[in-house]
Structure formats: C-alpha cells, structure tokens
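S.K.: Sharing a structure with you now.
Read the figures in this text as sums done on the coordinates, not as results from a lab. Treat the numbers as computed from the prediction; the structure is a model and nothing was measured. Every residue, glycine as well, gets a Cβ built from its backbone with ideal geometry; the counts of neighbours run over all protein chains shown.
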Amino acid sequence: MIVIVNTTSDEAITDTIKQQLAVCKVEAEIIEASNLNIGHCIGCNYCWLKTPGECAVKDDYEEILKKIVHADQLWVISDTALGFINHKGKNIFDRVIPIITMNLCFKKKEMRHVKRYKKNANVGLIFKGEADGDFLNRWMERVALNLGSKSLGAFKESEVKEALSCMC
Amino acid sequence: MHVLIINASPRVKQYSNTDKILGAFTKGLSEEGATFSQYELSDRRSWDEIRNAYYENDNILIAMPLFVECVPGILMEFLETLKSKNDGTKVSFILQGGFYEASQLRCGETYLEMLAKNLGLEYAGTLVKGGNFGIRLAEGEARDKQVEPFKEMGVEFAREGSFFSPKCKAFAGPELFPLPVRIMVGMAFKFAMPSYFTKASKAFGAKKPLNYRPYK
Ligand SMILES: Cc1cc2nc3c(=O)[nH]c(=O)nc-3n(C[C@H](O)[C@H](O)[C@H](O)COP(=O)(O)O)c2cc1C
C-alpha cells in the first residue's frame, strides 16, 4: 500500500497520480493535507518515553501515522521554501518519529534507532517550486537511513511520471 | 560585539537542550565582553519581536537541534515569514543533534550554508556537535559538565566572529567511530541501554514497553 500526503493545495498532481495508479492497480491512500490541522513536532519525546509509538500532539496527523505504519511507500508532496521543502512538508517528516523507538544500534557504520514496526515505508518526495534537487535527493537518502528504509528519490513536479514509475 | 541569538528548538526553553548549550556558550561570549539577546521560537508570542530583531541586528546566531537530518519544521515556518536582507548581515549557526558522529550533521550543515544565501545573509559558519540527546535526561552538575565545552566555543566565537577557525571545526569530533568502538558501543546499546531507557521511560510515566506497537 502507498501513502501519499499532499501538503500543497495543488490537487492536479494527485489527480494525475490517482489516474495512473488506477491503471496499474496499485492500492494507495491519498491524503490532501493542505487544509488539515497538522502542527510541528514539539520535541516532547513522549512518542519514545511516555506513550511509546503514540504522538502527544493530537491533531490530524494521527490518522496519517496510522496509515504510514502499514505502508510500503510514503510519498510527500510539498511546496518549497528557501531552497528546501516548506514547513508543511517538513512537519510530515518530523512527525514520523513515533515509528522508530528510542533504542539504538549501528547500521552502515552510523548510529540509528531501532524500528518500532517490522518494516518501514520507503520514502519519496515530489516538490513544487525552486529547490536544489541534488540536495533534496541527498537529504532523502539520509531520511531513509534514519528510518531503515530506502529513498525513492526527490522529484520535481514536472517529473511526476518518473515518481510514478517507482509506484507502479 | 552584539549577537542576536535565536533558539530554533520547538521544545519549551526549560527542557530544550539547545538552551542549555546556549547557556554555556553565552558564558564564553560574556567573558570576552560580547553582549547578546536570546529568543525562543518555541514561544510563538515572541515571533513579531524576533522578526523585528532579525531586521535590526547585523550579527545573527541561530541555534537548533537537528530534526530528521535538517532544520526543524518550526524554523522553516518562521523563516518563511522573513524577507531576505542583502545588507551584509552575518549569520552563524549552532547545529546540534542526538547521534554522536559528526557525519550525522553534515547534510543539515550543507543546508544551512544554502539557507544563509537564500536569506541574503553572509554565512559565518556552523558549529556542529552531536551526542546531545542526554542533556535533558541529566540534572545539576552532570548536565553542566555535558554542556561545558560549549563555553570555550563562545569565547572563540567572540574572538573570531565566525565558526571557521580550526578549533571550531575540530569541535565536531570524529566523523565516524572506528570499528572497535562501534562493536563496544553496539554491545552497550544492545545490553545496557534498553534497561536505562526503560527506567527513563518509567520516570516519564510510561505504562507500555519502549518497543510497543499501538497501531498493529
Ligand atoms: C523529531 C525529531 C527528529 C530528530 N532527528 C534527529 C536526527 O536526524 N539526527 C540526530 O542526530 N538527532 C535528531 N534528533 C535529536 C535532537 O536533535 C536532539 O535530541 C537535540 O539535542 C534536541 O535539542 P532541543 O532539546 O533543544 O530540542 C531529533 C529529535 C526529534 C524530536
């Protein structure tokens, strides 16, 4: 199952994706998040220490998180700001921390957190606006390392076909 | 020298590791005769004031925790409301994270240099340091000892006006741990840490084990 979180207000991208996914019969949950109430991670660490696996911020992210834990792929569609994804897109990544535990291990020479679930979703990014694609690809690789999964890459809005080829 | 310091952690000041780090760092600044004003992004009521300070000051230091390999969402949200300056204002960063190896902070560091440019500010370097997760779990003297080394960096920053000196660069520590250390520490992670973390977790009032799966 694929989870796609669209934090932009542009539903044309998700329409294109929906059509193509129907053709290749891939099961997907598409969440239009631009008008949802999703705050930033407040760094309370409750998802590790107090209520393991559960976020203390009770907003619209909780339903998304419940889907992410069952997903093979997580795609975030985000506007850009200052050469990076904007805060709405970044918040989706920051709030994913409940899917890893506080416990530590070494993977590929670096410290990592032990996963909470058996498998974590591979992660992909579709960005809309000016940004450094090379940097975003490097960042996505790092995000995937932290989750113990793979990066599917960072794609410009105009490259949505390439992103789709990873989904189908 | 006067420095505008912005703590970009979303964690309230009382519990913020960045704040404790800044406590030691600013002692070093003061020792060298530099002055500073410090603001917290976690306090949204002060955002207007911080924005004004951003436009009025020409020496800005943004200190932050690494959040998923880059800047915290709350910092992006704040920065998105700013206009770029292009007036020679200097910006420096303190980037601190939970994991110990310097390699873990390099991706974020690369972004901060890009960010300075995108805000029309002159980049004066990033002080990089990992291994800070435990600050919030420590108290009193043990905590002071953990952040103490940042005082020296405050002195260095007051003298140099940037984080480009070899001393500041070396402060990041090893990029990776050598294999024997990884094996030893890896054993500690496996056999000693879980019970320590479980204890910490109980102190937080946890009723479920650390690896509990609420959604499966
Ligand atoms: C959502 C979230 C993401 C984090 N991501 C990373 C990371 O990618 N790498 C790392 O070394 N530490 C990471 N950390 C750990 C923090 O950077 C570290 O605990 C820091 O000292 C917190 O500082 P603060 O108390 O001022 O917020 C993360 C913490 C949180 C809450």
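S.K.: Which net charge results when you count Lys and Arg as +1 and Asp and Glu as -1 among the other residues whose beta-carbon is under 12 Å from that of A:TYR61?
M.R.: Taking every Cβ under 12 Å from that of A:TYR61, the sum is -1.
S.K.: If eta is 1.002 mPa s and T is 20 °C, what Stokes-Einstein diffusion coefficient results for chain A, Kirkwood Rh from Cα pairs, in µm²/s?
M.R.: Calculated translational D: 132 µm²/s.
S.K.: Please list, ordered by chain and number, the residues whose modelled amide H lies under 5 Å from the amide H of A:VAL114; skip anything fewer than 5 residues away on the same chain.
M.R.: Under 5 Å from the amide H of A:VAL114 lie the amide H atoms of A:THR101, A:ASN103, A:LEU104, A:CYS105, each far enough along the sequence or on another chain.
S.K.: Quick one: Karplus J couplings for region A:102-113, per residue in order, coefficients 6.51, -1.76, 1.60, θ = phi - 60°, nearest Hz, x for Gly and Pro?
M.R.: Each residue of region A:102-113 in turn: 6, 4, 10, 7, 9, 9, 6, 6, 10, 5, 9, 8 Hz.
S.K.: Let me ask something else about it. Using the Cα atoms of the protein assembly as shown to build a convex hull, what is its mean projected area in square nanometres?
M.R.: 18.6 nm²
S.K.: Any chance you could check the Cα centroid distance between region A:78-101 and region B:1-60 for me, in angstrom?
M.R.: 24 Å
S.K.: Enter the mean number of other protein chain beta carbons within 10 Å of the beta carbon of each residue in B:183-190, as an integer.
M.R.: That average works out to 3.
S.K.: I've got another one for you. Nothing charged except the Cβ atoms of Lys and Arg (+1) and of Asp and Glu (-1): what's the magnitude of the dipole of region B:2-176 about its Cα centre? Round to the nearest 20 debye.
M.R.: Dipole magnitude for region B:2-176 comes out near 140 debye.
S.K.: Post the alpha-carbon centroid distance, region A:18-44 to region B:153-216, in whole angstrom.
M.R.: 32 Å
S.K.: Percent of Cα-Cα pairs per 10 Å bin, from 0 to the last occupied bin, for region B:177-216, please list those.
M.R.: Percent of Cα pairs in each bin: 27, 35, 27, 10.
S.K.: Where does the charge balance sit around B:TYR39 when Lys and Arg score +1, Asp and Glu -1, over other residues with C-beta under 14 Å from its C-beta?
M.R.: Local net charge: -2.
S.K.: Would region B:1-122 count as rounded, prolate or oblate if I go by the C-alpha gyration tensor, calling it rounded below 1.5 in a/c and otherwise prolate when a/b exceeds b/c, oblate otherwise?
M.R.: rounded
S.K.: Something else about it: Enumerate by residue number the trypsin sites (Lys or Arg not before Pro) in region B:39-114 meeting two conditions: DSSP loop (anything except H, G, I, E, B), and at most 11 other Cβ atoms within 10 Å of the site's Cβ.
M.R.: For trypsin sites (Lys or Arg not before Pro) across region B:39-114 that sit outside H, G, I, E and B with at most 11 neighbouring Cβ atoms in 10 Å, the list reads B:LYS83.
S.K.: Any chance you could tell me what percent of the C-alpha pair distances in chain B go past 31 Å?
M.R.: Beyond 31 Å sits 23 percent of the P(r) for chain B.
S.K.: If I stretch the segment between A:ASP60 and A:LYS107 completely, what's the gain in nm (0.36 nm per residue apart, minus their alpha carbon distance), one decimal?
M.R.: Going from the current span to full extension adds 13.7 nm.
S.K.: Per DSSP H run of at least 4 residues, take -39500 (n - 2.57); add these up for the protein assembly as shown, divide by its residues and hand me the 222 nm value, nearest 500 deg cm²/dmol.
M.R.: Calculated at 222 nm, the ellipticity per residue is -11500 deg cm²/dmol.
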